[in-house]
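Undergrad: Just passing along the structure, written as structure tokens.
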Amino acid sequence: MEYKVTKDLELRERVRRVKEMLRLSMDGITAQRLRNLGYKLVFGVTYPRLKELSAKIEPDYELAMNLWNLHQRETMILATIIMHPIDESVIPYLIKDTFNEEIAEYLSRNLLTRISNPWSIIESTYEGEYFDYIRYSLASRLLLSGSDSESVTSLIAESQTKTQQLNERQISSIASLLKRAYPIHKLQVESALETISHQPDAKSKWLTEEVKTYIEFTS
């Protein structure tokens with residue numbers, strides 16, 4: 001049976017059809033590996049497959065918010081893809097409601113890059129355990145797309161202390177930002193790495209080696 005989700009269906013039916021699409025694409029092995037990330041339910045559907053499924057769902061703000069609020073891995077990721085139009089007043093809620101690095105990454109990649117002024121998020125004071133991860137991840141994505149802002153230099157400077165505040169998984173977003181920023185903000189990145197390299201903890205050493213190795217092999 002071919003499932004398509006259009007706005008002419010009742011909201012409850014739209015949600016049901018999305019969940020049925022996910023059920024038919026589920027992967028038990030992948031789901032088992034992801035169950036410790038805090039989701040209420042995990043289908044184990046890969047991201048490329050979720051992108052394919054999203055093409056069968058008509059973009060819809062109302063459906064996206066309902067899928068997000070289920071707090072199931074795949075419904076939350078789909079929500080970041082199909083939310084259109086984006087009501088920017090809901091962004092503080094989405095950021096505060098984010099509870100792991102995976103959702104923070106997809107929120108940044110799929111949704112926050114599409115708002116009218118994504119750089120404004122980086123300078124904002126939103127609440128959320130993963131807000132710093134989101135700031136670095138979003139800036140990295142924007143740099144990759146060819147955009148730049150003075151906000152990047154602020155993030156680079158902050159990275160010298162953020163490595164002490166974030167956990168091992170979260171500092172991967174700092175590493176990504178420093179890598180992307182290096183060709184444009186070389187002196188600032190080198191200065192930050194010099195400071196971070198003198199910090200005694202394992203996280204700082206990992207970040208320094210990760211970024212320096214990347215620079216060495218891409219320069």
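The values are calculated or read from the model by the stated rules, or taken from the named source; none is laboratory data. The shown structure was predicted, so the numbers you read here are calculated from the model rather than taken from an experiment. Heads up, the Cβs are rebuilt from the backbone with ideal geometry, glycines too, and the neighbour counts pull from every protein chain shown. We work out accessible area using only protein heavy atoms, side chains counted, and drop any ligands, DNA or RNA first. Shrake-Rupley method; radii C 1.70, N 1.55, O 1.52, S 1.80 Å.
Undergrad: Which numbered condition in (1) at pLDDT 95 or above; (2) assigned to a loop (DSSP other than H, G, I, E, B) is the only one that Leu187 fails?
TA: It fails just one condition, (2).
Undergrad: Among the residues of region 192-201, write down those that are open to solvent by 10 Å² or more (accessible area, probe 1.4 Å) and in contact (Cβ under 8 Å) with a residue 12 or more places away in the chain.
TA: The answer is Thr195, Gln199, Asp201.
Undergrad: Among (1) among the polar types (S, T, N, Q); (2) more than 21 Å from the chain's Cα centre (by Cα); (3) surrounded by fewer than 18 Cβ atoms within 10 Å (Cβ to Cβ), which single condition is Ser204 missing?
TA: Evaluating Ser204 over (1) among the polar types (S, T, N, Q); (2) more than 21 Å from the chain's Cα centre (by Cα); (3) surrounded by fewer than 18 Cβ atoms within 10 Å (Cβ to Cβ) leaves (3) as the failure.
Undergrad: List the residue pairs whose Cβ atoms are under 9 Å apart, where the first residue sits in region 63-81 and is free of Cβ contacts under 8 Å to residues at least 12 places away in the same chain, the second is in a helix (DSSP H, G or I), and the two are 6 or more positions apart or on different chains.
TA: Asn69/Thr75; Asn69/Met76; Asn69/Ala79; Asn69/Asp97
Undergrad: Counting only residues that are polar (S, T, N, Q) and in a helix (DSSP H, G or I), which one in region 190-219 is modelled with the lowest pLDDT?
TA: Among those that are polar (S, T, N, Q) and in a helix (DSSP H, G or I), it is Thr218.
Undergrad: Moving on to the next point. Which one is most open to solvent (accessible area, probe 1.4 Å) among residues in region 2-36 that are touching a residue at least 24 places away in the same chain (Cβ under 8 Å) and assigned to a helix (DSSP H, G or I)?
TA: Here the answer is Lys19.
Undergrad: Continuing with the same structure: For Ile95, work out the one condition from (1) outside any loop (DSSP other than H, G, I, E, B); (2) more than 21 Å from Leu166 (Cα to Cα); (3) without any contact (Cβ under 8 Å) to a residue 60 or more places away in the chain it doesn't fulfil.
TA: (2)
Undergrad: So Pro48 passes all but one of these: (1) within 22 Å of the chain's Cα centre (by Cα); (2) open to solvent by less than 40 Å² (accessible area, probe 1.4 Å). Which condition number does it fail?
TA: Evaluating Pro48 over (1) within 22 Å of the chain's Cα centre (by Cα); (2) open to solvent by less than 40 Å² (accessible area, probe 1.4 Å) leaves (2) as the failure.
Undergrad: Further question on the same structure: Among the candidates Leu187, Leu178, which residue alone is open to solvent by 60 Å² or more (accessible area, probe 1.4 Å), farther than 25 Å from Lys51 by Cβ, of a type in the set (A, V, I, L, M, F, W, C) and more than 14 Å from the chain's Cα centre (by Cα)?
TA: After applying the criteria, what remains is Leu187.
Undergrad: Given the structure, is Ala157 touching an Asp or Glu at 6+ places or on another chain (Cβ under 6 Å), among the aliphatic types (A, V, I, L, M) and surrounded by 14 or more Cβ atoms within 10 Å (Cβ to Cβ)?
TA: no
Undergrad: Of a type in the set (S, T, N, Q), over 22 Å from Ile103 (Cβ atoms), outside any helix (DSSP H, G or I) and at pLDDT 95 or above: is that true of Ser154 in this structure?
TA: Criteria not met by Ser154.
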